[in-house]
C-alpha cells in the first residue's frame, strides 16, 4: 500500500485521484495540495482525502506519505520534482515533464542522483487499446514500422494557465503534442533514435500568444516517420486517434469522440458527459469508464507495480526528457520553417526495446528477385511485382 501526496486539484488531479481510489485500491491519496486553501479544502472533501494543505513543502516532505504525484501547471513541475528528490521520495510527474529539454534533463538527473523511483505519467500510452496495439507491434504483427499518426484535437483546455505561455511553456504542441510524440515513440520503438523534426504551427482562432494548432513530423533513425496533429480549435468534443502503418500490417485506433456509445437527447443528459464535450443535448458520445479509457487506471497500476517490484516503469523521466527534446526541435522548426535536428539529446539506446520484424526493405522472392508487391487480380490469378537484384529492373509475373 502506498500513501500519496497529490499535488494539484485541477482536472488532472481529479482524474488521478479517481484512478488511484478506484477498484477497491489499497493505494490512497493521503494528502492533497493546492496553491489555494479553498480549492484544497473543497477538493479533499469531494474526493475523500483526509488531509489537505496549501504549503507545497509540507505536502512533499510529509512523513506519512511515500509517493509524490505532480499534477501541477507545467512551470511548477521542476520545483516539485527537485524537492521530492531531495527528500528521497518516489515521484511521478504528469506530462509534459518540463517546459523544455534542459529543465527535463535536470529533473531526470536529480532523480537519478537521489536514487528515487521516477515515473512519467503519459496516460495515453497506457490506454487499453494502445497497450494491446503496442504488444502487437512489438511482436512483429505489422512488420517494420514505417509511419505513425497520432491526432488529439478539442475546443481547448479547461484551466486559464494553459493559455499563458509563462505558465505552460507553449500552446497545443506542449499540451497535446507531447501525448502524440510519445505514442509514436511507443510504436516506432524506444530504442530508435529521433533524428529531426519538421513542424507547422499557428494561432488560427484564439486571441492568445501561443499556437492553437500544429502539425508535425518526427523522423527516426530507422527511417520511420511519426506524424502528429493537435488543435485547440476543433469543435464537437475531443478527437483522439492513432494509426500505425508497417511493412506487413496496419493498425487504426479511435479512442474518443466516437466512443461506441451513442445517445440522442432533446432535453439534455443533466450533467457531465465526457472530457471536452461541448454540450449535453443532441447526439452525445458518453464514455463508460473515463479514467480507464484515458489510461489512468492502467498507468497507476503498472507504475506502482513497478515501484513494488523495484524495477523501472515503462515510462520514466528519461522518456519525458526525450519528448521535451523533440518538442524543442518542433518549436525551432516552426520558426525556421525547415527540418531541425533533435538536440541536445543525451541518447541512451542500450536498454530500450525496438519492435520485432524485418529491418531491411524488400523481401527475397528467389535468388534473383525481391518481392515488391503481391496482389490477387479480378480473375483470381495472382500478380507479383518483382525487382531484379542486380539490374534493378521491375518486372511482373502472373501466377
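A few remarks follow.
- Residue count for segment 251-264 under the criterion of being surrounded by 13 or more Cβ atoms within 10 Å (Cβ to Cβ) and touching a strand residue (DSSP E or B) at 6+ places or on another chain (Cβ under 7 Å): the result is 6.
- Condition met for residue 320 (in the same structural domain as residue 170 (by TED's automatic domain parsing), surrounded by fewer than 17 Cβ atoms within 10 Å (Cβ to Cβ) and closer than 24 Å to residue 238 by Cα): no
- Filter result for residue 134 (in a helix (DSSP H, G or I), modelled with pLDDT of 95 or more and within 26 Å of residue 301 (Cβ to Cβ)): yes
- Verdict on residue 215 being under 27 Å from residue 314 (Cα atoms) and not in a strand (DSSP E or B): no
- Odd one out for residue 116 among (1) within 24 Å of residue 83 (Cβ to Cβ); (2) at pLDDT below 95; (3) part of a loop (DSSP other than H, G, I, E, B): (2)
- Criterion violated by residue 137 - all others in (1) surrounded by fewer than 20 Cβ atoms within 10 Å (Cβ to Cβ); (2) more than 23 Å from residue 77 (Cα to Cα); (3) touching a helix residue (DSSP H, G or I) at 6+ places or on another chain (Cβ under 7 Å) satisfied: (1)
- Residues being over 22 Å from residue 13 (Cβ atoms) and in contact with a strand residue (DSSP E or B) (Cβ under 9 Å, 6 or more places away or on another chain) - total across segment 276-305: 7
- Qualifying residue in segment 279-301 (condition: crowded, with 21+ Cβ neighbours inside 10 Å and farther than 24 Å from residue 187 by Cα): no
- The one condition in (1) assigned by TED's automatic domain parsing to the domain that holds residue 78; (2) touching a residue at least 60 places away in the same chain (Cβ under 8 Å) that residue 106 fails to fulfil: (2)
- Residue within segment 174-184 that is in a loop (DSSP other than H, G, I, E, B) and either touching a residue at least 24 places away in the same chain (Cβ under 8 Å) or under 30 Å from residue 286 (Cα atoms) (or both) present: no
- Against the test of being over 17 Å from the mean Cα position of the chain (by Cα), assigned by TED's automatic domain parsing to the domain that holds residue 241 and either modelled with pLDDT of 95 or more or part of a strand (DSSP E or B) (or both), the options 146, 82 yield a single qualifying residue, 146.
- Answer from 319, 308, 280 - the residue that is farther than 21 Å from residue 135 by Cα and either in contact with a helix residue (DSSP H, G or I) (Cβ under 8 Å, 6 or more places away or on another chain) or not in a helix (DSSP H, G or I) (or both): 280
- Residue check for residue 210: in contact (Cβ under 8 Å) with a residue 12 or more places away in the chain and either under 25 Å from residue 315 (Cβ atoms) or in a helix (DSSP H, G or I) (or both): no
- Unmet criterion (only one of (1) within 20 Å of the chain's Cα centre (by Cα); (2) within 25 Å of residue 76 (Cβ to Cβ)) for residue 115: (1)
- Residues (under 16 Å from residue 160 (Cα atoms) and more than 20 Å from the chain's Cα centre (by Cα)) located in segment 3-41: 9, 34, 35, 36, 39
The values are calculated or read from the model by the stated rules, or taken from the named source; none is laboratory data. Nothing here was measured: the structure is a model prediction, and the numbers come from that model. Neighbour counts are summed over all protein chains in view; Cβ atoms, including those assigned to glycine, are modelled from backbone coordinates with ideal geometry.
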